[in-house]
Amino acid sequence: ERERGEREREREREREREREQHRRAPAWDAPAARSRGRQPVPASPMAGPRDPTGRCSCRNTNCVERPLRRLFEGLASGVAARPWPFVLVPLLLSGGLGAGFVFLPQRQANDIEGQFTPTWGPAKAERDFVRRHFPTNDSERFSALRLPTEGAYAALIAVATNGTSVLDAAAWAEVLRLNATVHDAEYERLCARTPGGCASPQELLSRRGDAGPPAPGSLRFPVNDSVFLGAALGGVETDGGRVLGARALKLVYYLREDGPEAQDSRQWLESFLQNIPSKVTYFTSLSRQQEFEGNAKSVIPLFSVTYFLTISFAIVSCLRLSCIRNNIWLASCGVLSSGLAVLSSFGLMLFCGVPFVITVANAPFLILGVGVDDMFIMIASWEQSSRKKEKSSIKSLLAETYAEAALSVTITTLTDVLAFFIGSWTAFPSVRSFCLYTGTAFVFCYVYTMTFFGAVLVLNHKREQGNRHWLTCMRVDVDKDQAENSCLYNACCIGSCSRQPSQPEGEHPMNVFFKKYYGPFVTNKWIKVLMVLLYGAYLGGSIYGCTQIREGIDLRNLANDASYVIPYYDDDDKYFTYGPRVMVVITESVDYWNESVRLGIESCTQNLENISYVDKNLSESWLRVYTELDKRGLININSKTDFLNNLTVLFRVRPSFEWDINKTQDEIEASRFFIQTVNVTSAVDEKNLLNELREAAKQCSIPLKVYHPAFIYYDQYLVIVQNTVQNVVVAAGAMLIVSLLLIPNPLCCLWVTFAIASVIVGVAGFMTFWNVNLDSISMINLVICIGFSVDFSAHISYAFVTSGESSANKRAIEALSLLGYPVLQGAVSTILGIVVLAAANTYIFRTFFKIMFLVILFGALHGLVFIPVFLTFFGNFGRSPNTKSKKLELEKL
């Protein structure tokens with residue numbers, strides 16, 4: 001009878017609650033739930049006014065929110081009734097999907113060119129054209145400047161010490177010994193060959209032999225007897241074009257990469273890396289890729305540190321001075337839920353064949369921080385519901401928890417998932433893989449929070465209801481002499497430190513701090529003036545930083561900080577000023593024998609040579625030499641027959657020109673010549689060089705293409721800004737649509753837009769001050785900015801506009817008292833998830849930390865400082881009349 005009476009009273013309370021919801025517009029009920037630094041949006045401010053029947057009308061804004069609430073309440077009832085299936089099924093599902101990790105070795109795609117360059121970059125099409133029309137033969141007629149790729153090679157840079165010259169006798173003898181060590185019998189078998197034997201690592205060495213170093217002033221620079229020394233001698237001191245000394249000498253040893261010797265060449269290069277003397281800097285065609293692939297191993301130990309920090313923070317946040325109410329298991333299961341999400345999402349993506357790129361290794365750090373925040377939402381909302389309804393059934397408590405917390409989790413998850421999936425529309429495969437893996441992980445994180453963690457809440461509540469110890473699950477009986485024992489003994493062994501264990505916990509001290517101290521402080525009129533000035537300085541610095549931002553990824557940053565690659569790049573940049581030797585390809589068959597066509601080609605060549613990055617004295621053109629032979633009267637090239645037949649004369653004069661003409665019996669399908677670039681020392685120079693060369697080629701009346709293997713990487717400059725802006729704009733539009741649907745207040749959406757724009761500008765600007773380039777790695781994080789900007793700003797501004805306080809300052813204080821601590825706690829938990837990446841010795845992981853730190857810092861700064869202050873300037877703008885009298889209505893009720 002008692003049980004039946006209790007059930008009847010519970011049903012009556014439920015009916016009364018439903019009637020009360022229809023009688024009034026719900027008020028902000030201040031749940032303490034958190035959302036990545038954001039308060040979950042409760043039913044009340046989201047709901048808006050209803051008509052007497054409770055149906056959505058044209059004036060209502062809760063037509064999306066109300067069905068979602070009902071859905072979550074139904075899910076909560078199912079979880080509360082049968083918790084164990086909701087615990088076991090996610091575990092089994094994660095285990096099944098986790099089997100996808102067996103495909104990890106097959107799915108790893110850490111090819112630098114394939115992942116960090118645009119998929120459809122023009123240079124890739126140009127390389128294919130060069131390969132088709134100018135095939136190479138590195139076993140007979142090798143030429144390094146004519147390679148369509150970087151080739152297979154080992155390179156050394158010998159630098160003279162103590163300011164001496166590498167051409168001094170002692171240094172020269174050391175260079176010869178070093179060359180003899182490298183030039184062994186195995187290299188002789190595998191080397192790329194010219195008609196005279198192995199391609200020399202440097203013409204200067206092959207011509208001098210053992211004759212000793214060249215005397216000062218005996219060499220001309222940069223060309224000496226038709227030999228280009230600009231790529232060989234660095235830090236050159238000249239007098240009237242004569243070489244007096246040089247600080248560095250570069251030796252490049254090319255090997256065959258075509259045919260059966262290719263694998264042996266790779267093994268020789270690996271042996272070279274193990275045996276090279278430490279006194280020189282060195283590099284091989286394998287180095288960049290090998291060092292890049294080794295980065296993933298360096299970050300694995302950081303996972304354990306991150307999980308330890310996160311679990312510790314979660315446990316400390318959930319500690320209670322009661323052996324019954326302690327939520328340590330909830331904290332541990334919340335972290336476990338995030339781990340299950342990572343396991344499930346990564347396994348599913350590996351099953352589906354999505355490439356696993358090293359950038360994906362950043363995802364677990366972010367997911368862990370976000371998952372812990374979702375856990376805080378559920379725990380805090382559960383505690384809020386428990387305090388309001390101490391004697392309600394577990395179904396009722398969980399239904400209210402889901403109704404209040406799940407909607408907030410849905411908003412923040414939806415914004416983040418949209419940001420990631422929109423970010424996958426990019427030309428960079430590395431960004432696409434990261435967004436797919438991370439976006440899917442966010443979905444699983446959301447599902448497991450709603451199911452697995454909800455079920456854990458139910459089981460933990462049953463333990464509390466049975467007065468069972470949090471660790472041993474043994475029943476705890478309150479001792480009569482509890483007051484005589486110490487607080488520590490009572491908390492750990494008996495029940496609570498308090499003499500009344502059943503007494504509900506009061507308001508959190510941090511909420512009191514934001515209400516009584518921080519809120520009044522930040523709404524002081526002089527402090528508001530100071531905050532406006534601070535924001536002006538922030539915005540000015542951000543805009544200036546955006547104008548100075550550097551584009552493109554520096555290839556040395558793909559290696560470990562301690563890698564031998566870094567000193568080689570440093571020496572190359574320090575001593576050698578000449579840039580790539582660029583192919584200029586005539587892509588169609590033209591009438592070369594027609595003098596007007598030749599003049600057109602010469603005009604185009606001169607336009608290219610007039611570019612500031614090109615040294616016009618170092619160009620190499622078969623057509624110019626051929627035309628000079630005609631002017632001397634040695635041959636006639638003014639008819640098609642004579643032009644084609646006399647090419648054999650040209651090839652006798654310069655045999656290498658035969659490789660620059662793709663000739664059939666009756667026409668020349670394509671040809672090429674070369675121009676030499678200089679002073680290409682920075683990413684800005686690379687971008688300007690590529691744009692100016694291609695623009696000059698485009699303006700030419702003859703069909704031209706310019707190509708060098710390095711242009712494969714330069715292509716990122718053409719699309720990085722466009723892709724970033726495109727992804728940011730599209731994602732921001734999607735975020736606003738979500739905000740309008742789920743947080744339908746115009747003023748709130750205005751501040752969401754403001755926060756998104758302001759945080760993105762701030763992050764992009766301060767990237768410059770923190771030495772971070774705009775590249776495919778930082779693009780990922782700029783997309784993340786959007787989701788987090790919405791999360792930090794939406795609920796603070798909505799709490800303000802729905803507050804029932806009479807003045808703007810009081811509404812700001814109320815919003816901060818409700819949301820200040822959750823914003824701070826969520827920001828700290830997310831930073832803890834990524835802080836260990838600051839210790840990584842790899843640019844990729846440090847960059848992820850830097851930008852995510854800026855995102856969280858500026859997002860929290862906007863939520864806790866700028867937006868509350870700016871909102872006070874607008875007073876009652878955008879508030880509905882019903883909101884002002886909300887407190888009076890509540891008091892009457």
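Things to note:
- Entries of Lys124/Lys663; Lys574/Lys687; Lys663/Lys687; Lys250/Lys698 with Cα pairs more than 25 Å apart: Lys663/Lys687; Lys250/Lys698
- Placing R0 at 30 angstrom, the Cβ-Cβ distance between Trp526 and Arg550 gives a FRET efficiency of 0.15 after rounding to 0.05.
- The gain in end-to-end length when the Thr149 to Ser393 segment is fully stretched comes to 80.7 nm, 0.36 nm per residue minus the alpha carbon separation.
- Calculated FRET value between Lys616 and Val89, using beta carbons and R₀ = 56 Å, to 0.05: 0.20
- Segment 567-616 and segment 59-134 have their alpha-carbon centroids 46 Å apart.
- Spin-label pair Thr681/Asn636, simplified geometry with 7 Å Cα→Cβ offset, distance in nm: 5.3 nm
- Shape of segment 151-284, Cα gyration tensor, a/c cut at 1.5: prolate
- Taking each residue as 0.36 nm, the span from Gln289 to Glu595 lengthens on full extension beyond its C-alpha to C-alpha distance by 105.4 nm.
- If R0 is taken as 22 Å, the Cβ-Cβ distance between Thr181 and Leu273 corresponds to a FRET efficiency of 0.95.
- Extension gain from Phe308 to Arg652, taking 0.36 nm per residue of separation minus the Cα-Cα distance: 116.6 nm
- Formal net charge of residues neighbouring Ala363 (Cβ-Cβ distance under 15 Å; K, R +1; D, E -1): +1
Read-outs: derived from the displayed coordinates by stated rules, not from any lab. Quick caveat, the model's predicted, so the values are computed rather than measured. Note that each Cβ is placed from the backbone with ideal geometry, even for glycine, and that neighbours are counted across all protein chains shown.
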